[in-house]
1. Excluding same-chain residues fewer than 8 positions from LYS201, which lysines have a Cα within less than 26 Å of its Cα?
2. Could you work out, for region 74-218, what percent of all Cα-Cα pairs fall into each 5 Å distance bin, beginning at 0 Å and stopping at the bin that holds the largest distance?
3. Considering only GLY185, GLY198, GLY26, give the residue with the highest GNM mean-square fluctuation for the chain, with springs between Cα atoms whenever their separation is below 10 Å.
4. Largest first, please: the extent of the C-alpha atoms of region 70-140 along each principal axis, to the nearest Å.
5. Would you mind putting 127-134, 208-215, 171-178 in packing order, based on average other-beta-carbon counts within 10 Å, highest first?
6. For region 32-102, what is the per residue volume of the convex hull drawn over the alpha-carbon atoms, in cubic angstrom?
7. Taking a quarter of the surface of the Cα convex hull of region 101-162, what do you get in nm²?
8. Straight-line reach from LYS137: which lysines fall under 18 Å, measuring Cα to Cα and dropping same-chain residues less than 8 apart?
Amino acid sequence: MKLFTALALSGVAQAHYHFSKLVINGQPEAAEWTSIRQTKNYQTNAGVTDVNSPDMRCYQMRAGTGTATVAAGDTLGFLALSAVTHFGPVQFYAARVPDGADVNTWEPAGNVWFKIGSITAVPPMGSSEATWPAYNKKQVDVVIPKNMPSGKYLIRVESIALHQAQSVGGAQIYLSCAQVEVTGGGSGTPGPLVAFPGAYKASDPGLLWSYYPVPTSYTAPGPAVWTG
């Protein structure tokens, strides 16, 4: 029991984090919140715990101010300040900004999101970097699908921290949305499309974790990755 308690509480002492800079062509943005909408946790670094909250979309505090450009098929990086200090999956979603809409203020409500990447658990199961490839990384990357149509998008990164997810509502979700213009895209039809909130339920197995007994498998929440 003492070991379990120590493990369950070990994440409490670790620093929380936020995603505030992009890495494009290997170069990080010079300043925070350049192409990423500033999040409500920019000072507290606290995660979202209510999956039914509109904060599950972008957790934003204010409208965006800039847009990055990335080519379809290229890698887009997100910097975690100071690092992804809790174990769990890191996932990436995209939502196409409608033609004529302002990318800085568009609200991504409804079934507009599709998953483009997932850095999830690899066996053997545990709570270390051996199971969770994104754990303790300062940068997490996603490849923009080659067949993703050109246009303006919100690219949403989420880190699902499972260190206190022994009961429903214990998962902490650290997320933000980058404003990106995709160039050189294809003619794919991304999907399936999901909504935030709505894509996850608090009782989803992917939002829960057991230190004892350790799970024998893990499946991250949400739809399948659209690879284009």
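1. Hits, sequence-local ones excluded: LYS40, LYS115.
2. For region 74-218, the pair-distance distribution reads 2, 9, 18, 21, 19, 15, 10, 5, 2, 0, 0.
3. GLY26
4. The principal-axis extents, from largest down, are 47, 24, 23 Å.
5. Highest mean packing first, the order is 171-178, 127-134, 208-215.
6. So the per-residue Cα hull volume is 139 Å³.
7. 6.2
8. Qualifying lysines at Cα under 18 Å: LYS21.
The values are calculated or read from the model by the stated rules, or taken from the named source; none is laboratory data. All values derive from a computational prediction rather than experimental measurement. Cβ sites come from the backbone with ideal geometry, for glycine too, and all protein chains shown count toward neighbours. Side chains included, ligands, DNA and RNA excluded: accessible areas come from the protein's heavy atoms. Shrake-Rupley method; radii C 1.70, N 1.55, O 1.52, S 1.80 Å.
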